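I have a structure here, written as structure tokens, and I will follow up with some questions on it.
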2 protein chains.
Amino acid sequence: MAVRGAVPEVIWARPERAGRGPRPAYTRDDIAAAAVRIADAQGLDAVSMRHVAAELGCGTMSLYNYVPRKEDLYELMVDAVSAEHELWEPSGDWRADLRRVAYQTRALMGRHPWVPRLMSPVYGFSPHALRFLEHCLACLDPLGGPYGTKFELIAMLNGVVTTYVRNELDTAERARSLPWSEADEHAVRIAYLGGRLASGAYPRMAAAFQEDAGPIDLEAVFERAVERVLDAFAPR
Amino acid sequence: MAVRGAVPEVIWARPERAGRGPRPAYTRDDIAAAAVRIADAQGLDAVSMRHVAAELGCGTMSLYNYVPRKEDLYELMVDAVSAEHELWEPSGDWRADLRRVAYQTRALMGRHPWVPRLMSPVYGFSPHALRFLEHCLACLDPLGGPYGTKFELIAMLNGVVTTYVRNELDTAERARSLPWSEADEHAVRIAYLGGRLASGAYPRMAAAFQEDAGPIDLEAVFERAVERVLDAFAPR
DNA sequence: CTTCACTAAGTACGGCGTACGTAGTAGTCA
DNA sequence: TGACTACTACGTACGCCGTACTTAGTGAAG
């Protein structure tokens, strides 16, 4: 008998159904959907093999017939939500199209706040990720130039979107697992920061916080960030 | 007796030494250093309360006298390595100074590959993070304009650096915990990808992989990314 | 009909974070 | 000085986690 798992596998390369035995009770989509449901409702940390199995209604270890390691379950989840990317006929205006991509990605992460934490270049090979990449490249046809530059643009745009959304949502996901409210935690940190700044050791930081007294408009910050990335790749 | 942990705390706001009982056996720096040592040598997942305590030579639960939650241990770790940021007298050329900041941050993450995974805006209030931020702001004095824009520049630069370094190093850290080599895994994925691209469903991806046959020069990609971010904030 | 690859699921192990209780220590104050 | 008490140290225990291994049963292939 071959030693199990001794050789690396890409889960997408494994057939869903082998020829011989009884028909599997669940599809990969069933499993991904169950995991996504749990992550959406209770956060990523609630996605355990036991929970997903219970959500499906099967024994914990039965999951391992479909998914060799938990890592692969994550890969299924990312692919499943990648399917939500709407793909359209490119308009011919690459800036407009990529802006639309960025806003859609952000909306997707709003619906699935755990996605930024799982974002990894390793998952870039999943079927729906490939479709999404191909679509971005199609939107960039009017830009011209080498594909290398286009990949760099897509990577930076996705990276910036992911980073910004993560910064917004991480604290919210975190708050779920702590016994006090996000507002309380924020207040405590701001109070502490105020004390530090009053020490005079950080004059520019102190000046900055006086300048921008009001709450930050995160929406506007995000919009500016996207435009700046697009600017950085626009031909001069 | 007050219920333990019912109210949020910033670990930096807690005094290291209370007045009364016996002198604590370790300082916060001792603990952070022990955790950093483990993370550097065995990866972030090896940083458990038990391991850190063993590294210090004390009982597991004794750690909780210093660190109320594991999350706070992470905060100590990030602050500890933030101390490695070299701070210099700003040159007057904000672009040169920020470029230097970016390269230094990258070098720091090269020494501590687990840092990108812990990067969170929440940790931005730690003493050394504040120092670092103040230094970046000082470098940006020549740029002028509102502090809001400067923060956006610093955030985007750090975000891009973090994302790029993480993409480089995550796979390496991941490889450590898997029973096959990084090269093997890479080869398997590339083989799978080749098969997908041969299907003809992704014509632009296929063309791109023919165009850029050789290995990617990650160093050059990083340099271009940094320059692009700086460009995006340069006054026109 | 037999064979046997496959699915399903239970049990068990070694890890994790951490709540709780107990014992000991050292500053404080009567 | 002696009692008090806040504090440190740390062992035990609980309920999670991922997953290796085992057994039993199913159904298509020969």
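So which of B:Tyr66, B:Tyr74 is within 14 Å of DNA strand D (Cβ to nearest atom) and of a type in the set (Phe, Trp, Tyr)?
B:Tyr66
Now for a different question. Quick one: would you say B:Val52 is assigned to a helix (DSSP H, G or I), of a type in the set (Val, Ile, Thr), at pLDDT 95 or above and within 13 Å of DNA strand D (Cβ to nearest atom)?
So B:Val52 passes the test.
Applying the selection to segment B:211-236, what residues are of a type outside the set (A, V, I, L, M), more than 9 Å from every other protein chain (Cβ to nearest Cβ) and surrounded by fewer than 16 Cβ atoms within 10 Å (Cβ to Cβ)?
B:Gly214, B:Pro215, B:Asp217, B:Glu219, B:Glu223, B:Pro235, B:Arg236
Yes or no: B:Val47 surrounded by 18 or more Cβ atoms within 10 Å (Cβ to Cβ) and within 11 Å of DNA strand C (Cβ to nearest atom)?
yes
Another one. Can you tell me which residue is surrounded by the fewest Cβ atoms within 10 Å (Cβ to Cβ) among those in segment A:34-44 that are more than 12 Å from DNA strand D (Cβ to nearest atom) and of a type outside the set (D, E, K, R)?
So the residue we want is A:Ala41.
Please pick out the residue among B:Ala80, B:Ala96, B:Ala54, B:Ala107 that is surrounded by 17 or more Cβ atoms within 10 Å (Cβ to Cβ) and more than 8 Å from DNA strand C (Cβ to nearest atom).
B:Ala80
Okay, next question. Do the conditions hold for A:Asp93, that is, is it acidic (Asp, Glu) and under 22 Å from the mean Cα position of the chain (by Cα)?
no
Taking helices (runs of 4 or more DSSP H) that do not extend beyond segment A:120-205, which have at least 2 residues that are within 22 Å of the chain's Cα centre (by Cα), within 8 Å of another protein chain (Cβ to nearest Cβ) and among the polar types (S, T, N, Q)?
Here the list reads A:147-176.
Just checking, which of A:Leu143, A:Leu137, A:Leu153 is over 17 Å from A:Ala107 (Cβ atoms), in the same structural domain as A:Ala213 (by TED's automatic domain parsing) and without any contact (Cβ under 8 Å) to a residue 24 or more places away in the chain?
A:Leu137
Would you point out the residue of segment A:15-28, among those that are away from DNA strand D (no atom under 13 Å from the Cβ) and surrounded by 14 or more Cβ atoms within 10 Å (Cβ to Cβ), that is farthest from the chain's Cα centre (by Cα)?
Ranking the candidates gives A:Tyr26 first.
If you don't mind, another one. Which condition from (1) basic (Lys, Arg); (2) over 21 Å from the mean Cα position of the chain (by Cα); (3) within 13 Å of DNA strand C (Cβ to nearest atom) is the one that A:Lys70 breaks?
(2)
The values are calculated or read from the model by the stated rules, or taken from the named source; none is laboratory data. Remember, it's a predicted structure, so these values are computed and weren't measured experimentally. So basically every Cβ, Gly included, is an ideal-geometry build from the backbone, and we count neighbours across all protein chains shown.
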